[in-house]
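Novice: The structure under discussion is supplied below as structure tokens; questions concerning it will follow.
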Amino acid sequence: MFKIQLLFLVCLTAVASADDVVVLDNGVMRMEINRMGGAVSSCVLAGSELNPFSWRAKRWNKNDRSVKEGLFTCFDRLGQPSPEDKARGIPFHGEAASVEWKVLGRETSVAGHLLLRMQCILPIAGMTLAREYCLFKDSSVCRVRDRIRNDNPFPKTYNLLIHPSHAQPFLSRSVLVDCNGATGFVNSKEPSEIPGDPICWPEIEYQSQRLNLRTMTNGVPLVVNYLCAKDVTEGWGCLSNPDLGLMTGFIWPVSDYPWTRIWQEWKDGAPSALGIEFSTTPLGFPLEEIERIGPLLGHPTIETLSPGGEVTKTFHFFLLEIPREFSGVGVVRIADGSLIVEEHSGADNRCWVVPFAE
């Protein structure tokens, strides 16, 4: 019986064929984007096979069409649908990871950047997400621009979370976790326990333990939610593995994604999944429940679009080579057409500058 179940799961998690993947490769960084579910399933630097986005979610039944892996998108919601929405066919984390993302076009811009335009239509939620990838010329930086539209004849509540999911071999106890989150709360499955006691990045008290979330040594599965300080306009998060010489990072406007989420899972004493997510909400409850809860810590937890209304959101992600003695990230910013990454304080003030003229 066990062998039959194992075979069944292996079949359900089969890797997509080459025809199901769209490739962007500028000679510096190579990306593979799945047509089904729209995830960036692989992202590697030239000459390397180390893909930090190697996490794959299992499909637990034959009716689950979702492809949740790598860098994927939760839309029009995060987490569980209500029983009514579930009966209508809306899956966990929304429909975006369960529908085909059609390629609308691809081209090389005058400046030499690689552009890819894709779109997913959510038939039940009645929303459309049109995405443009821009992999900059001679750069390991990619810009992602999403245009969201409400196709319903009535106002529509929704949430959008970008879900970068990292796993082994990139993920190990050597990984350093850095972000510019300031204050927040530990996630709970019970709405009545939200937001609970306030926490500050990076050290927290959790389950009678003192945890430093910058290091992957605590062995505790959890999800934490953070807001940036009031005067901050750009959120960022990075994972660095000095032993393997690679950093992956993200930077986004706080006005687009006010919430930062750190998600970690463990198996057999080793980290098995880690994400620095950014979102319009910290809550994985049904949309109706989130509306009832309302703002948290002075910030909205849900968004609404009028009939036919549109909104645009943007983020950048990148890969960088790092030295073995790297101590972590202190600052990430975009200035003068360059991505600038400064090492953690007390590390000789080293700085990486990656030009990417828009």
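Novice: Based on the Cβ-Cβ distance of His299 and Ser192, what FRET efficiency does E = 1/(1 + (r/R0)^6) give at R0 = 22 Å, to the nearest 0.05?
Specialist: The value I calculate is 0.65.
Novice: Using the Cβ atoms and a cut-off under 15 Å, what net charge is assigned to the surroundings of Val103, where Lys and Arg are +1 and Asp and Glu are -1?
Specialist: -1
Novice: On a full-extension model of 0.36 nm per residue, what is the gain between Arg292 and Glu325, subtracting their alpha-carbon distance, rounded to one decimal in nm?
Specialist: That works out to 7.1 nm of additional length.
Novice: Taking the Cα-to-Cβ direction at Ala46 and at Glu100 and moving 7 Å from each Cα, how far apart do the two end points lie in nm?
Specialist: 3.4 nm
Novice: Using DSSP to define loop residues, name the trypsin sites (Lys or Arg not before Pro) in the stretch 269-358 whose beta-carbon has at most 12 other beta-carbon atoms within 10 Å.
Specialist: Here the sparse-neighbourhood loop sites are Arg324.
Novice: Turning to a different aspect of this structure: Sorted from fewest to most neighbouring beta carbons within 10 Å, what does the list Arg35, Arg88, Arg77 look like?
Specialist: The order, fewest Cβ neighbours first, is Arg88, Arg35, Arg77.
Novice: Same structure, new question: Would you kindly state how much longer the chain becomes between Ser306 and Ala357 on full extension, computed as 0.36 nm times their sequence separation minus their alpha carbon distance, in nm to one decimal?
Specialist: Additional length available on full extension: 14.9 nm.
Novice: Quick check on my link table: of Lys86/Lys267; Lys58/Lys189; Lys102/Lys267; Lys86/Lys156, which ones sit more than 28 Å apart, alpha carbon to alpha carbon?
Specialist: Check vs 28 Å cut-off fails for Lys86/Lys267; Lys102/Lys267.
Novice: Restricting to DSSP H runs of at least four residues, report the calculated mean residue ellipticity at 222 nm for the chain, -39500 (n - 2.57) per run over all residues, nearest 500 deg cm²/dmol.
Specialist: Result for the chain: -2000 deg cm²/dmol, rounded to the nearest 500.
Novice: Could you grab the relative contact order for the stretch 23-355? Cα pairs under 8 Å, six or more apart, rounded to a whole percent.
Specialist: 17 percent
Novice: To continue, here is another question. Using a Förster radius of 41 Å, what is the FRET efficiency between Tyr206 and Glu84 based on their Cβ-Cβ separation? Nearest 0.05, please.
Specialist: Using R0 = 41 Å, I get an efficiency of 0.75.
Novice: Sticking with the crude label model, points 7 Å out along Cα→Cβ, report the distance from Thr217 to Arg350 in nm, one decimal please.
Specialist: With each label point 7 Å from Cα toward Cβ, the separation is 2.0 nm.
Novice: Give me the one-decimal nm value for the distance between modelled label points at Arg117 and Asp151, 7 Å along each residue's Cα-to-Cβ direction.
Specialist: Roughly 1.7 nm, to one decimal.
Bear in mind these aren't lab numbers, they're just calculated from the coordinates by the rules spelled out. Since this is a predicted model, take the numbers as computed values, not measurements. Positions of Cβ are generated from backbone atoms using ideal geometry, with glycine treated the same way; all protein chains shown enter the neighbour counts.
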